[in-house]
Each structure stands twice: as C-alpha cells, then as structure tokens.
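Accompanying notes for the structure given below.
Rule-based calculations on the coordinates, nothing more; no lab input. Quick caveat, the model's predicted, so the values are computed rather than measured. Neighbour counts are summed over all protein chains in view; Cβ atoms, including those assigned to glycine, are modelled from backbone coordinates with ideal geometry.
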Amino acid sequence: MFQFLQKIITTRPKTVLFTGLLLGAVVGIFGLGVFSRINTEQGFINYEAESYAVQQKIQTSFSDKTPTGTILFTAKNEKLEATDPVFIAEQSRLLTLFTDAPEQIIDYARTGQQSFISKDGQSTYAAVSLAGDKDQQYKSLTDFQAKANTSTILNVTIGGALVAEKQATEQVSKDLGLAEMIAFPLLALLLIFFFRSVVAALVPLVLGGLSILGALGLVHLLTFIVDIDQYALNIITILGLGLSIDYSLLIVNRFREELAAQGDVTSAVRTTVLTSGRTIFFSGLTVIVCLLSLYLFPIGFLQSISLGGTSAVLVTMLGALVLLPALLQLLGRHIDTWHLPVKRHDSSRPTALTRIARFATRRPIVILIIAASLIGLSALPFLRVKFTTFDFHALPDGSSSRIVAEALTNNFNVQTAPITVLYTTPQPLSTPRSIAEIQSLTQQLVALETVESVVTPTPYTVPLKQLQAAYASDAVPTELALLQQQTVIDDTVLLTIYPTHSPTDQRTQDLIVAIRGLSTENNSSLQVGGMAAVFYDTMRSTAHYLPYSLGIIVISMFILLTLMLRSIVIPLQAILINSLALLVAFGVLVLIFQDGYLTEGWLSYTGGLDVTIPILIFAVAFGLSM
C-alpha cells in the first residue's frame, strides 16, 4: 500500500492535491449542514435503560403536567414575608407576564402548602409547565425573567432541569470559545517555533482545517443513520487540529532529514511515506480502535464522541498520508521559506534530556523505585473516587439554575431531583380496584425508609373507601381533581417520590432497587425513572460494558503494536506504562474536582467525577499515547 502511495504521490502530486482539495471542499460544504441535525435529547442517559423509557413516556404523555421550570421569588425588602398579601399579589402579577400562559402553575397561592415557603419566610417558588419543545420553553422562561426583573418588590430567578441543561450547554460553548481565543494565537507562535519556518507552520493549520471540514461531512452523513449530539463537534475540532499538528511534525521533520541526507525531493518524499507514513497509519488505527470501543456503551455522549472522534482521526490520517506528501513534493525546499534563525547545537555537548536519560539508565533500580512510589502516591486518591452525575454543582456559582437548586436544597428542604414512577394498569383508573392498587402501591412507597413524601392521586392519609367514593361521584373534590389532572393519563399514573437524600447517595440507590422490587397486581407494570434511576442505570450499564471496552482496547493495541514493532515485549511495556500514567491522571482529577484542590476562584467544585469521564479519558488518552 505504501509503495503505491509513494509512487502516485511523487509522479502526480498536482492531481493528488487538487483531487483531495476538491473532495475536501465538497465534503466540507456538505458538513456545514450537520449543525441543524444535531440531537440534544440523549446526552449522558443510557438509552437502553428503564429510566430513559420513563423519561420519554413523561415527555410525550405528561409534558403539560410536569414542571418545565422552577421560579424562585425572593423579597427585596427583608421585612416582607412570602405569605404577605403584597408578596402574593406581586408574584401573581409577575406570573401573568409569560408571553404564552403556562399550562399549569403550582405554588403557595394555589395550594396553600407550607412547603412552598422557605425556612426564613422570605422566599417561595412556583413550578410551571409550559407548552412547546425545549427551545421554546427555555425562551419563554428567559423572556419571562427579563420582564419580571423590572419588579421593585421581588427578585425573580429561573431554574429547573431544563434551564440547567441549557445553561450548561451555553457555558460549554462560551468556555470553548474563550479557550480557542487564548489557544490559537499561542498555537500559531508555537507552530512557527517548532517548525522553524512560516510556510511549514501553515501546513498543520491547512491540514487541520481540511480535517475538521471532512470530519463534519462524515458526521453529517452519519446523522442520517444514528443520533449524534453536539459533543461530536467538540471532539472533531480538538482531535482534527491536534493530530494535524502531530502528524505534520512527524512528516515535515522526516522530510527535512531525508532531503538533507539524499538531496533529492522525490527520494525524500518516498522515504518519508514509507517510514513516517507507516507510523502515522498505525498510530491512527490505534486511536480509531480506542474511540470505537466507546460505542459499546449505550450512552449518547460516549457514542457521539466515538463517531465524531473516529471521523476526525480517519480524515486527518488520510490527509497526512496523501495530501501532505503531495504538498511537500510540490514545495520541495520552499517548505523552509521565511525560516527562523536556529542556533546549532554542539553535538559534543549532551542536552538536558540526554543527561536525564543517562542518569536513569545508570541507576535503573533507584529510578524505578522512585517512579513507582510517585505513581502510587499520585494514583492513590482514585481508590476513593466518588462517581456522580450531572447536577447543579457542575454549573458556575452565578448561574440562575444553580442559585435556584441551592435555595431549594438548603432553604426549602426540597430535593430537586425526585424519583418518578409510572404505574400502568389494564383496568380503568377510576375503578375501585385500580384505586385500591394505586393506594396500596403508595403505602408501600411511603413505608420505605428513605422516602420523604409521595405525590399521588390517592393520598395515603385518606381512607380507601372514602377515595373510591370520591372518584366515583360526579363532582370529584377540587384537591383530588387537581391531583388526578397532574398525575393520570389514560391507563398510566405518574407518582413522584421525594427521597431524603441526593440522587447519587447510596441510600437513594438502594431505594431505586427497593422500588423496582415492589410487586404489582393484575398484570400491572411499574417503571422507575428520575435522576437517581438514571445514575443507577448508568452505573450498571458502565460496569457491564467496561470489561468488553477495555478488552478491545488492550488486545487491539497489543496486536497493532506487535505488527508495527515486530516485538512482544515493547507492546506490553507500552500498555503498562500508559495505564500507570492514566491512573496518575485519574488521581489528580479526584484531588481537583472531588476534593476541591485548585477549585477556589478557578475551577468548579463538583464533589465527584461523572462516571463517563474516566472512560472517555482512558480511551482517548490511551489511543493518542501509543
């Protein structure tokens, strides 16, 4: 293959380069359409899990009955309490400012429940249900806040899961934009420094641009087959540009060496393709295999990273193997145009790296003991890693969704992530038998140790016969009618459970198991969802697929490196060293994000690591380091 490549590249460089650029332009133009086909629904959820099925059912059947957003109202005057008629009147007035009236509003004024009043008495909240898709709902909430901020009596803050999701996406885009603004000027200077000429420094930028456009085209094509989210686009930019620099350094430096040794451009290009080209081919394959292993996990985030990253590596590898040598064949010695003056190193004097290497080889046992000790100490924090899932801790301190979530948790004793249960029965829900079943289930749920309260159409404090009589009457009592309206659709009942602990707490995870283990009657079915169930399903799914993913990575790396290096010992050594290096990285992640070191005024303290992050880091870093 490489013999054919070097022959066609050196004999028809203009044809190869023109064809590649034309193809890249066509694919790139097609790739620009990918932005309108990005799916934002799956994210970090295991789409094979029961919790995902519950989420989809709620979105389709209960969309106008479940809260879209949570609005926090706080008095500007410390003497004004949330139960004061002035406060209530102003809150009611503000809630009329929505462009489209909410489908449903649940608050203190409508329910009279004291749980809507904060501990200090100065705040309250309203749960609103809005029509439309997520983008329309978010716009309604932000437009409302802009209007409500004119109030001279109350401070208004919007929050809830939808607002948190949108603000997280906006924050990621903002951070990436800032990172690019800082990184690109520095990158341009570093490229000139490392490539030692302006023309050579432009090579990886051109290759990177083509790689990104080509990968966008491939991903756009894939969106017609599978769902892909915005994280695929992020990894395309990172890997497309990063590998373009890596591969360009390898190709250009080897070309310069061969040109200096052989004096002939064609011979230098041929040797470069046969040597560095082969290295890039195997390097690209290792990264692709590692990235494809992520597709085993039924989690949209990891699968999108897998497909986006694979597309970026594949296009970059092809560009480095075909287009870059063709460009060098045409440029020849002009690759060093506008070169920087370089101080020649005296080969008789060893460099700092040479001295370090000599010191290490003279004292291998001592260095091995020191290195093993440092690695062990650095990796030790990972033994106490606490896995978590996305919540308000991942958002900046000033974001409205975090302010609302912290207020509900600390000032209202409200868990912002309830457990949702869908109970489906073949009997009409108004029949005495169904009412008895639902109340029996409710009583079982309330009896569980870590359950704070349950929202149900059959309040467990009301006698069964009284409930059956009430639902059988022509005029259902107002409170029961409101509960029925919120929780019943066709043959399905939505029960909302508020646990006493956070979603990732082991006691809440045990509660998920207990709820799913409850027995049902008369061919009825029970499904459990909510953030706690999502975390439980994600952890189980990860534990199931992780051995297969690691097996694919390790075995594939061993085979590819053995074929490339014609050695068995070196691949084993590479796998071991890279694994140890990644353990150190994981230990540092725990120290920073879980323990809070370096987070003060710089990074966001999250209290744990999302379970998908170590998997992603292992796959990407392991592939790139080979």
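Summary of computed values
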read-out	value
Distance in nm between pseudo-label sites at A436 and V199 (7 Å out along the Cβ direction from Cα)	9.1 nm
Acute angle (nearest 10 degrees) that the helix 612-625 long axis makes with the longest principal axis of the chain, alpha-carbon atoms	0 degrees
Extreme residue, positive dipole direction of the chain, given options S244, L330, A469 (C-beta unit charges)	L330
Listed pairs K174/K386; K76/K139; K57/K139; K119/K166; K76/K147; K134/K166 exceeding 20 Å between Cα atoms	K174/K386; K76/K139; K57/K139; K119/K166
Residues with amide H under 5 Å from that of V488, placed H, sequence gap 5 or more	L494
G529 long-range amide H proximity, modeled H, under 5 Å	T420, V421, L422
Rg(Cα) / (2.2 N^0.38 Å) computed for the chain, rounded to two decimals	1.19
Dipole in debye (nearest 20) - the chain, about Cα centre, beta carbon charges: Lys, Arg +1; Asp, Glu -1	3320 debye
Directionally averaged shadow of the range 297-435, computed from the convex hull of its alpha-carbon atoms, nm²	22.8 nm²
Mean Cβ neighbour count within 10 Å, used as a protection proxy, ranking 190-201, 235-246 highest first	235-246, 190-201
Cα-based Rg and Dmax for the range 68-159, where Dmax is the largest Cα-Cα distance (Å)	12.6, 40
GluC sites (Glu not before Pro) restricted to DSSP loop in the range 56-160 with at most 15 other C-beta within 10 Å	E78, E103
Computed lengthening from F282 to E406, 0.36 nm per intervening residue step minus Cα-Cα distance	39.7 nm
Inter-probe distance in nm under a simple model that places probes 7 Å from Cα toward Cβ, at D143 and L330	5.2 nm
Helix 85-94 vs. the chain, principal-axis angle (Cα, 0 to 90°, nearest 10)	50 degrees
Rel. contact order, % - alpha carbon contacts under 8 angstrom, at least six apart, the chain	19 percent
Positive-end residue, the chain charge dipole about Cα centroid, Cβ charges, pick of T478, Q509, N411	Q509
Rounded to 5, the percent of DSSP beta bridges in the chain classed as antiparallel	95 percent
